[in-house]
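Working notes, structure below.
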């Protein structure tokens, strides 16, 4: 068993895997993420995504980059009962985001991120609305995580130059 662990430890550097957040909070990627500001985003979903991003980016110092984000939040009916009422909904949150270098306005990243969630439509309108809101909160966190992961990958591959 020890021999297998040693072989794996020796083989890992050769496979091309490198820690994204090497150096912890003092590393290059973490430092670059603290230099990203989030532009205001329209609507309730925008407020949720912007707050989730700010929580993850922990801005500090003079910003070098700005995230411009446009969201598309859709709810569509999936299941239909005999009386033509909807029994299940799908909430989809998609974000088109751009990482912009503040010094010259260059767009460094132009990507999309998104996720969706299923919602049961029940007899209580209050419960359905609560489920839709909970789904939006979860989707906002997921989309924010995807955006931060992609920006972190960019920061690792292209070290910051003020």
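Please determine, by comparing only the residues of region 129-143 that are within 15 Å of residue 90 (Cβ to Cβ) and touching a residue at least 24 places away in the same chain (Cβ under 8 Å), which one is surrounded by the fewest Cβ atoms within 10 Å (Cβ to Cβ). If we take residues in region 129-143 being within 15 Å of residue 90 (Cβ to Cβ) and touching a residue at least 24 places away in the same chain (Cβ under 8 Å), then 132 is surrounded by the fewest Cβ atoms within 10 Å (Cβ to Cβ). Somewhere in region 31-41, is a residue assigned to a loop (DSSP other than H, G, I, E, B), without any contact (Cβ under 8 Å) to a residue 60 or more places away in the chain and surrounded by 18 or more Cβ atoms within 10 Å (Cβ to Cβ)? Yes, there is a match, as at least one residue in region 31-41 is assigned to a loop (DSSP other than H, G, I, E, B), without any contact (Cβ under 8 Å) to a residue 60 or more places away in the chain and surrounded by 18 or more Cβ atoms within 10 Å (Cβ to Cβ).
Yes/no matrix, rows are residues, columns are (1) exposed (fewer than 15 other Cβ atoms within 10 Å of the Cβ); (2) over 23 Å from residue 130 (Cα atoms); (3) in contact with a helix residue (DSSP H, G or I) (Cβ under 6 Å, 6 or more places away or on another chain); (4) modelled with pLDDT under 95:
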position	(1), (2), (3), (4)
47	yes, no, no, no
56	no, yes, yes, yes
59	yes, yes, no, yes
64	no, yes, no, yes
80	yes, no, no, yes
88	yes, no, no, yes
95	no, no, yes, no
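The values are calculated or read from the model by the stated rules, or taken from the named source; none is laboratory data. This is a predicted model, so every value here is computed, not measured. In this analysis, Cβ positions are derived from the backbone assuming ideal geometry, glycine residues included, and neighbour counts consider all displayed protein chains.
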